[in-house]
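Q: First, the structure itself, so that you have it in front of you.
The values are calculated or read from the model by the stated rules, or taken from the named source; none is laboratory data. From a predicted model like this one, the values you see are computed outputs, not experimental measurements. Note that we place each Cβ from the backbone using ideal geometry, even for glycine, and neighbour counts take in every protein chain shown. Ligands, DNA and RNA are stripped out before the accessible areas are found, and what is left, the full protein with its side chains, is counted by its heavy atoms. Shrake-Rupley method; radii C 1.70, N 1.55, O 1.52, S 1.80 Å.
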Amino acid sequence: MKIVKKILIAIVIFMGMITTVNAAGVYGTVNLAGYDDYKHDLKGNTLALLIEESSSAIMIGENIPSTISSCTLVTFDKKASEKIRVPFDEAIGNDKVEIICFDKTWALLRVDGADTTYYSVKLGKKEVSVLGSVLDAEFRFQFMSGKDLVSVLNSSYTCQLFNQKMEKIGSSVDLIGKANSLNDGKYFYCGDGTVTKIYKVKKGFEEVISETGKYKEINEPKRICCIRDGDNHKICKY
């Protein structure tokens with residue numbers, strides 16, 4: 001009887017723990033007043049930019065635009081505790097910095113100046129490590145696929161996979177329309193209004209479906225979709 005009682009008590013405690021973990025509510029509140037840009041990642045972490053600019057000047061009647069004199073990257077966890085505060089010196093002397101995507105201690109930043117450059121950076125406690133960089137003539141962010149980055153360029157929709165060092169992975173493909181992320185970036189679809197193509201993203205791009213019709217979502221987590229061609233609804237798994 002004592003053993004049964006102990007088991008019941010243990011079950012009650014365990015259920016209480018589950019309820020606590022899954023309870024709805026506010027984890028924390030991050031006050032971003034004064035910051036110039038921010039991004040939240042899927043785990044609730046926040047990256048924010050704190051930028052200072054040199055004062056604009058007027059010389060011979062000509063306005064000289066302000067440039068960045070200081071850029072600081074600050075991260076907070078989901079409970080609003082500050083975790084990292086480090087300078088990003090590559091921004092200095094440029095016109096604008098934007099956070100493109102972010103995942104806890106990694107970020108992709110776009111810096112506009114004489115050239116527009118994407119920087120892949122690792123956020124450490126004391127410094128920012130640049131993993132790689134690429135000009136926007138070669139890279140245009142579309143979405144993340146795990147730790148890799150999908151880029152789509154120009155009117156031919158040339159699609160290329162990059163790693164976090166901004167190195168190309170596999171061969172590029174010319175799409176028939178905009179790449180639309182599926183299944184957290186593991187797949188994507190594109191179409192020209194007549195044909196829909198679906199690609200798998202893994203060390204490059206693998207075409208898995210090409211059908212006449214337009215894409216309609218059914219169950220993205222289970223990779224089930226409809227490609228509608230007039231009255232014909234093709235139920236597919238990609």
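Q: Specify which residue in the list 81, 195, 164 is farthest towards the positive end of the charge dipole of the chain, using unit charges on the beta carbon of Lys, Arg (+1) and Asp, Glu (-1), about the Cα centre.
A: 81
Q: Given a cut-off of under 8 Å on Cα pairs at least six residues apart, what relative contact order in percent is computed for segment 156-209?
A: On the way: 101 pairs, mean separation 15.0, N = 54.
Value for segment 156-209: 28 percent.
Q: Please build a GNM for the chain, connecting alpha carbons under 10 Å apart, and tell me which residue among 25, 124, 185 fluctuates the most.
A: 25
Q: Also: For segment 104-238, with all protein chains present and a 1.4 Å probe, just round the carbon and sulfur fraction of the accessible area to a whole percent. Show your work: numbers first, answer last.
A: Details: 3040 of 7240 Å².
Here carbon and sulfur together make up 42 percent of the probe-accessible area.
Q: What value, in deg cm²/dmol to 500, does the helix sum -39500 (n - 2.57) over DSSP H runs of n ≥ 4 give at 222 nm once divided by the residues of the chain?
A: On the way: 1 runs with 21 residues, N = 238.
Per the formula, -3000 deg cm²/dmol.
Q: Counting only Cα, what are the radius of gyration and maximum Cα-Cα distance Dmax of segment 101-238, in Å?
A: For segment 101-238, the Cα-based Rg and Dmax read 16.8, 60 Å.
Q: To continue, here is another question. Return the sequence-ordered ³J(HN,Hα) values of segment 185-194 in whole Hz as given by the Karplus equation 6.51 cos²θ - 1.76 cosθ + 1.60 applied to θ = phi - 60°, using x for Gly and Pro.
A: Along segment 185-194, the couplings run x, 6, 9, 7, 10, 9, x, 10, x, 10 Hz.
Q: If I take R0 = 30 Å and measure r between the Cβ atoms of residue 176 and residue 135 in this structure, what FRET efficiency does the formula 1/(1 + (r/R0)^6) give, to the nearest 0.05? Show your work: numbers first, answer last.
A: Details: r = 26 Å, r/R0 = 0.87.
Result of the calculation: an efficiency of 0.70.
Q: Going down the list 39/168; 125/147; 104/125; 79/104, which pairs span over 23 Å between their C-alpha atoms?
A: Numbers: 39/168 25 Å; 125/147 21 Å; 104/125 12 Å; 79/104 13 Å.
As for pairs spanning more than 23 Å Cα to Cα, those are 39/168.
Q: Would you kindly give the portion of the calculated P(r) for the chain that falls above 30 Å, as a percent of all Cα pairs?
A: Numbers: 13148 of 28203 pairs.
Above the 30 Å cut-off, the chain has 47 percent of its Cα pairs.
Q: Mind checking the dipole of the chain: about its Cα centre, +1 per Lys or Arg Cβ, -1 per Asp or Glu Cβ, Debye to the nearest 20?
A: In total the dipole reaches around 1920 debye.
Q: Based on alpha-carbon centroids, what's the gap between segment 74-108 and segment 30-55 in Å, whole number please?
A: Spelled out, the Cα-based centre of one part sits 7 Å from the other.
Q: Still on this structure, I have one more. Given a Förster radius of 45 Å and the C-beta distance between residue 33 and residue 167 as r, what FRET efficiency does 1/(1 + (r/R0)^6) yield to the nearest 0.05?
A: E between residue 33 and residue 167, to the nearest 0.05, is 0.75.
Q: While we're on this one: Taking the highest mean first, how do the peptides 198-208, 171-181 order by number of other beta carbon atoms within 10 angstrom per residue? Mind dumping the intermediate values first?
A: Working: 198-208: 17.6, 171-181: 15.5.
By packing density, highest mean first, the sequence is 198-208, 171-181.
Q: Here is a further query. Identify all aspartates and glutamates with a Cα-Cα distance to residue 43 below 19 Å; exclude those on the same chain that are fewer than 8 residues away in sequence.
A: Output for residue 43: 77, 82, 103, 148, 184.
Q: Report the FRET efficiency, 1/(1 + (r/R0)^6), for residue 126 and residue 96, where r is their Cβ-Cβ distance and R0 is 25 Å, rounded to 0.05. Working shown, then result.
A: Values: r = 26 Å, r/R0 = 1.03.
E between residue 126 and residue 96, to the nearest 0.05, is 0.45.
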